[in-house]
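Everything on this sheet refers to the single structure shown next.
Just so it is clear, none of the values below were taken in a lab; they were calculated from the coordinates. Please read these numbers as outputs of a predicted model, since none were measured by experiment. Neighbour counts run over all protein chains shown; Cβ positions are idealised from the backbone, glycine included.
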Amino acid sequence: MKLTQAILGALCALLVVGTAWGSIVDPRKGQKATPEQSQDQVAKQQALQGTFGRVGMVPRDTEIYVPPGAKTDDAAAGVIALSAQGTTHSDPNAAKVLAEASTHLKQSTGSPAKTFGWGLLFLALGFGVVMGLRQWVVKSIPEPAPAKTHVEW
């Protein structure tokens, strides 16, 4: 009975909340609606918008970075060319380290079938543990005494 009342109460509350009307706030008086603008109109309006730092503000990066070993223009050009190609070309050991890491990664990851097999094994093991615990609880806890009910008609 209480469950039925709770369900009916929840349904009534949902019905009241679902059909409740909300007040619509009128637009401000004296303002007319403006039509939507196209992307070109918005771009023209925002073309000259910019930001300026505070007066007297010091920029964050005040030091010029000079790559190590770039004492002459030719050396600097070589370092810049190597760094533009990527980090593996600027450091001779980086290519070897990346190759070793990729082979280690390939060896450490198993095939999908092997991973699925381990997952299935752990699933079966977990199911067995839960069922064994359930059987132990059923055997170790005594049955409750039957409730004495007296029904008068």
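Summary table below
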{"quantity": "Nitroxide proxy distance, nm - points 7 Å out along Cα→Cβ at SER102 and LYS29", "calculated": "7.4 nm"}
{"quantity": "Per-residue HN-Hα couplings for region 36-45 [Karplus 6.51, -1.76, 1.60; θ = phi - 60°; Hz; x = Gly/Pro]", "calculated": "5, 9, 7, 5, 5, 5, 5, 5, 5, 5"}
{"quantity": "Point-to-point label distance, GLU143-ALA113, nm (Cα→Cβ direction, 7 Å offset)", "calculated": "5.0 nm"}
{"quantity": "Residues ILE7 and PHE127, FRET efficiency given R0 of 41 Å [Cβ-Cβ distance, rounded to 0.05]", "calculated": "0.75"}
